[in-house]
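The values are calculated or read from the model by the stated rules, or taken from the named source; none is laboratory data. From a predicted model like this one, the values you see are computed outputs, not experimental measurements. Positions of Cβ are generated from backbone atoms using ideal geometry, with glycine treated the same way; all protein chains shown enter the neighbour counts.
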Amino acid sequence: METVIQNLDLFFQGWLGTLKICGAAVIGALVLGVLLAAARVSPVPVLQRFAAGYLFIVLNCPLAVVLFFIAFGLPQIGINGSYFAFGICGLILYTAAFVCEALRGGINSVGVGQAEAARSLGLGIPGILRRVILPQALRSSLPPMTNVLVQMIKNSAIVGAFGVGGDLFKVADSLVAGQGLPAIPILAGVIVGYMVTIMPVAALMGALERKVAVVR
Amino acid sequence: MSSAPTVLFDTLGPKGRRRSRAASIAASVVFAVIVAVVGSRLAATGQFSEDKLGPLFNPGNENFSLLWKFLGAGLYNTILVAAISVAVSVVIGTVLAVCRVSATPWYRWLVVSVIETFRAVPVVLLVYAVSRVLPALDTPLPLMWYLIIGIVLYNSVSIAEIIRGGIAALPRGQREAAESLGLSKLDTMRLVILPQAFKMMLPALISQIAIAVKETSLGFVISFEELLRRGQVAIQTLNNPLQMFFVIGVIYIVINVSVGRLARIAEKHSTGKDHRPGPSPISSTTPTDTDTPAVSRI
């Protein structure tokens with residue numbers, strides 16, 4: 001317990017590091033994920049196939065392989081960057097596939113009859129999307145999206161373990177392996193750190209779900 | 001495949017088809033340019049040279065058999081760890097699920113908090129923690145077991161939730177009928193509830209194998225020599241990270257796609273031969289996506 005309190009500022013630094021990785025990754029992953037989902041459900045075969053191929057590769061590869069490929073591979077062809085940038089890049093590329101899946105699931109859950117009804121009311125495509133399909137699709141994407149965000153926060157530990165440094169995982173590693181402090185209290189502290197990161201996100205998404213829930 | 005009507009767009013008319021074709025051509029051109037740029041970059045930095053590709057692809061290369069023996073042993077470790085982890089996780093997960101659904105309130109609270117805690121912890125942290133805490137408690141184990149225990153801690157709670165979903169989806173009448181036949185609580189669970197819950201959740205359980213395979217790659221944190229770590233070691237002498245991790249990625253994809261196919265076969269099997277009366281709850285409760293069965297949880 002004392003070891004945790006003595007190093008509380010380090011824990012806090014690590015927690016900020018985790019937040020920084022997650023914050024950057026969530027923005028990138030949402031943007032890329034939305035683009036991928038748009039390509040996946042678009043009527044353009046080439047885009048569909050590209051998105052499907054991307055999903056096939058990324059969903060079946062471990063995040064660690066994606067990270068290794070980027071961080072060790074890209075410098076080989078002359079693209080240099082910090083491990084931090086590579087790590088966030090990998091996390092974005094990986095998470096975007098899951099964001100895309102969540103959105104696509106939401107869109108597929110809207111019945112075809114909804115669009116037909118909207119068309120027969122005379123709505124154009126933008127109107128159908130904005131007023132009928134997307135409101136329903138985004139609602140049913142929320143629960144899987146919560147899951148994606150929680151997984152992303154947890155996956156940020158892999159990015160940290162991989163050598164980016166400065167996040168909660170790395171703090172644990174440097175205190176336990178580097179300074180030889182007792183493992184159990186430090187690791188318990190880090191676990192608490194992840195829980196206090198994840199729980200507000202899950203609670204917030206849950207509240208959002210309830211707020212937009214529609215009784216059918 | 002493009003013109004099948006979905007909720008977003010109807011079967012395309014002549015104008016729509018023209019637009020779609022134009023967009024296709026534009027996208028193809030963009031991709032071709034990207035591929036060309038990347039390809040020329042790869043060629044310019046000598047990524048297609050015999051030095052880099054030979055050990056992986058050319059059986060005549062002096063390092064070929066050595067490298068593949070080395071990677072093969074890593075692959076064996078990967079599969080071994082995944083298999084043991086899943087087997088143990090299913091056993092522990094079943095016990096946890098049964099505890100959670102049948103427990104009296106005071107210790108259900110305990111089971112629920114254990115499950116929820118482990119679900120909120122990164123697997124990589126669990127693996128690392130096991131590798132640090134067990135030696136500190138004077139029970140050092142071979143590296144492989146640290147990885148297995150870490151994966152089991154996480155997967156058994158995931159599997160517990162899957163099986164709990166299966167139990168919850170069974171009609172109440174199953175339990176009531178079993179109890180009215182005079183079966184004890186344990187026998188009701190063992191002979192009536194669990195077999196049906198397992199059957200219903202088989203696709204999700206198989207998908208969990210693919211997730212476990214992905215998680216074995218976290219062995220690199222504790223330097224356990226599974227496939228990815230072996231690749232990482234090999235590139236230190238061969239200096240071909242792009243090619244190496246490409247091949248390793250393909251191997252993981254092949255494993256996971258085969259497992260996914262298995263899940264789909266199991267799904268067909270378990271939905272096809274369903275003799276229970278009433279509407280089958282399977283389609284609404286099985287948390288797998290038929291397209292990509294191995295995804296939702298990592």
| field | Given (1) more than 30 Å from A:A172 (Cα to Cα); (2) touching a residue at least 12 places away in the same chain (Cβ under 8 Å), index of the condition B:E176 fails | value | (2)
| said: Being over 30 Å from B:L194 (Cα atoms), touching a Gly at 6+ places or on another chain (Cβ under 8 Å), surrounded by 13 or more Cβ atoms within 10 Å (Cβ to Cβ) and not aliphatic (A, V, I, L, M) is the requirement here; does B:G16 meet it? | reply: no
| query | Among the listed residues B:K69, B:K15, which satisfies the condition of being part of a helix (DSSP H, G or I) and more than 30 Å from A:Q136 (Cβ to Cβ)? | reply | B:K69
| Hey, among A:I133, A:I153, A:I191, which residue is facing chain B (nearest Cβ under 9 Å), more than 27 Å from A:G90 (Cα to Cα) and assigned to a helix (DSSP H, G or I)? | A:I133
| message | For the list (1) in a helix (DSSP H, G or I); (2) surrounded by 13 or more Cβ atoms within 10 Å (Cβ to Cβ); (3) of a type outside the set (D, E); (4) modelled with pLDDT under 90, I need the number of the one condition that B:L147 fails. | response | (4)
| request: Could you check, for region B:83-91, whether at least one of its residues is more than 13 Å from chain A (Cβ to nearest Cβ), part of a helix (DSSP H, G or I) and of a type in the set (S, T, Y)? | output: yes
| Which residue pairs have Cβ atoms closer than 7 Å, lie 6 or more positions apart in sequence or on different chains, and pair a first residue in region B:27-45 that is within 23 Å of A:P45 (Cβ to Cβ) with a second residue that is in a helix (DSSP H, G or I)? | B:A27/A:V46; B:A27/A:L47; B:S28/A:V46; B:F31/A:F50
| request: Mind telling me which of the residues A:G17, A:G33, A:G28 ends up being within 25 Å of B:G219 (Cβ to Cβ) and assigned to a helix (DSSP H, G or I)? | output: A:G17
| request: State yes or no: is B:L8 hydrophobic (A, V, I, L, M, F, W, C) and more than 9 Å from chain A (Cβ to nearest Cβ)? | output: no
| note | Reported set for region A:108-130 where residues are more than 9 Å from every other protein chain (Cβ to nearest Cβ) and within 16 Å of A:S42 (Cβ to Cβ) is A:P126
| field | Any chance B:G60 is exposed (fewer than 13 other Cβ atoms within 10 Å of the Cβ), within 14 Å of another protein chain (Cβ to nearest Cβ) and farther than 30 Å from B:Q208 by Cβ | value | no
| Unique residue being in contact with a Pro (Cβ under 7 Å, 6 or more places away or on another chain) and over 30 Å from B:S49 (Cβ atoms) when the list is A:A97, A:A115, A:A157 | A:A157
| note | Across (1) among the small types (G, A, S); (2) touching a Gly at 6+ places or on another chain (Cβ under 7 Å); (3) not in a helix (DSSP H, G or I), A:S140 clears everything bar (3)
| note | When (1) over 24 Å from B:E116 (Cα atoms); (2) in contact with an Asp or Glu (Cβ under 8 Å, 6 or more places away or on another chain) are applied to A:V159, the one that fails is (1)
| task | Would you tally the residues in region A:118-170 being among the β-branched types (V, I, T), at pLDDT 80 or above and either touching a strand residue (DSSP E or B) at 6+ places or on another chain (Cβ under 9 Å) or under 30 Å from A:L8 (Cβ atoms) (or both)? | result | 5
| Filter pass, A:P126 being within 24 Å of the chain's Cα centre (by Cα), part of a helix (DSSP H, G or I) and free of Cβ contacts under 8 Å to residues at least 24 places away in the same chain | no
| message | Among the residues of region B:237-260, are any modelled with pLDDT under 85, within 9 Å of another protein chain (Cβ to nearest Cβ) and in contact with a Phe, Trp or Tyr (Cβ under 6 Å, 6 or more places away or on another chain)? | response | yes
| query | Among (1) surrounded by fewer than 23 Cβ atoms within 10 Å (Cβ to Cβ); (2) at the interface with chain B (Cβ under 8 Å from one of its Cβ atoms); (3) under 30 Å from B:L238 (Cβ atoms); (4) at pLDDT 85 or above, which single condition is A:L55 missing? | reply | (3)
